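**Q** Quick one: this structure, given as structure tokens, is what I'll be asking you about.
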Amino acid sequence: LDDYTGKIGCPFPIKDDELAEIKRIVIAENLEDNKLEKAKINIQEMDSACIMVEQTQQIIVLFEYEETKLNFAKYMYKYTFDLENYTKLSEVFNFENSMDELLLFIKGED
């Protein structure tokens, strides 16, 4: 965290064990919609839901469909610590238009 000097969206990112729990929940589900819903609920129920872009990437790759990945990326923006790193999520998308849509979403958030 000491090396990040950009725009901060929340106080302090989740710990590795909290990230592991979210990943475990997503992996345990078979249906894509259930994976997405359970991940969102788990994040909402955290005392301090704040996450690094790198942590979000680790969760997104567990989703199979591009639409789900994009939905989760949009959802997680408001819970992101290192907001200026959000474009790094482009690595998890298979289609360029998904990242374009995410960037448009982010611009609407500002």
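**Q** May I ask you to say which residue of Leu62, Leu83, Leu70 is hydrophobic (A, V, I, L, M, F, W, C) and touching a strand residue (DSSP E or B) at 6+ places or on another chain (Cβ under 9 Å)? Please lay out each step first, then the result.
**A** Values: Leu62 fails: touching a strand residue (DSSP E or B) at 6+ places or on another chain (Cβ under 9 Å); Leu70 fails: touching a strand residue (DSSP E or B) at 6+ places or on another chain (Cβ under 9 Å).
Just a single option satisfies the conditions, and that option is Leu83.
**Q** Could you tell me whether any residue of the stretch 75-82 is touching a helix residue (DSSP H, G or I) at 6+ places or on another chain (Cβ under 6 Å), surrounded by fewer than 20 Cβ atoms within 10 Å (Cβ to Cβ) and of a type in the set (D, E, K, R)?
**A** Checked against the condition, which is being touching a helix residue (DSSP H, G or I) at 6+ places or on another chain (Cβ under 6 Å), surrounded by fewer than 20 Cβ atoms within 10 Å (Cβ to Cβ) and of a type in the set (D, E, K, R), the stretch 75-82 yields no hits at all.
**Q** Of all residues in the stretch 72-110, count the ones that are within 19 Å of Lys35 (Cα to Cα), part of a helix (DSSP H, G or I) and over 9 Å from the mean Cα position of the chain (by Cα).
**A** Number satisfying all stated conditions: 1.
**Q** Report yes if Ala39 is without any contact (Cβ under 8 Å) to a residue 12 or more places away in the chain, more than 24 Å from Thr5 (Cβ to Cβ) and either open to solvent by 30 Å² or more (accessible area, probe 1.4 Å) or in a helix (DSSP H, G or I) (or both), otherwise no. Before the answer, list the steps.
**A** Working: without any contact (Cβ under 8 Å) to a residue 12 or more places away in the chain: no; more than 24 Å from Thr5 (Cβ to Cβ): yes; either open to solvent by 30 Å² or more (accessible area, probe 1.4 Å) or in a helix (DSSP H, G or I) (or both): yes.
Here the answer is no, as Ala39 does not meet what is asked.
**Q** Checking Tyr4 against (1) of a type in the set (Ser, Thr, Tyr); (2) assigned to a helix (DSSP H, G or I); (3) touching a residue at least 60 places away in the same chain (Cβ under 8 Å), only one condition comes out false. Which one?
**A** Of everything listed in (1) of a type in the set (Ser, Thr, Tyr); (2) assigned to a helix (DSSP H, G or I); (3) touching a residue at least 60 places away in the same chain (Cβ under 8 Å), Tyr4 misses just condition (2).
**Q** In addition: Got at least one residue in the stretch 90-103 being among the polar types (S, T, N, Q), in contact (Cβ under 8 Å) with a residue 24 or more places away in the chain and loosely packed, with under 15 Cβ neighbours inside 10 Å? Step through it out loud before you land on a result.
**A** The initial filter retains those residues of the stretch 90-103 that are among the polar types (S, T, N, Q), namely 90, 94, 97-98.
Right, trim to in contact (Cβ under 8 Å) with a residue 24 or more places away in the chain and you get 94, 98.
Checking which are loosely packed, with under 15 Cβ neighbours inside 10 Å leaves us with 94.
Scanning the stretch 90-103 turns up at least one residue that is among the polar types (S, T, N, Q), in contact (Cβ under 8 Å) with a residue 24 or more places away in the chain and loosely packed, with under 15 Cβ neighbours inside 10 Å.
The values are calculated or read from the model by the stated rules, or taken from the named source; none is laboratory data. Keep in mind that what you see is a predicted model, and the values were worked out from it rather than measured. Backbone-built Cβ (ideal geometry, glycine too); neighbour counts: all protein chains shown. Protein only, heavy atoms only, side chains kept; ligands, DNA and RNA dropped before computing areas. Shrake-Rupley method; radii C 1.70, N 1.55, O 1.52, S 1.80 Å.
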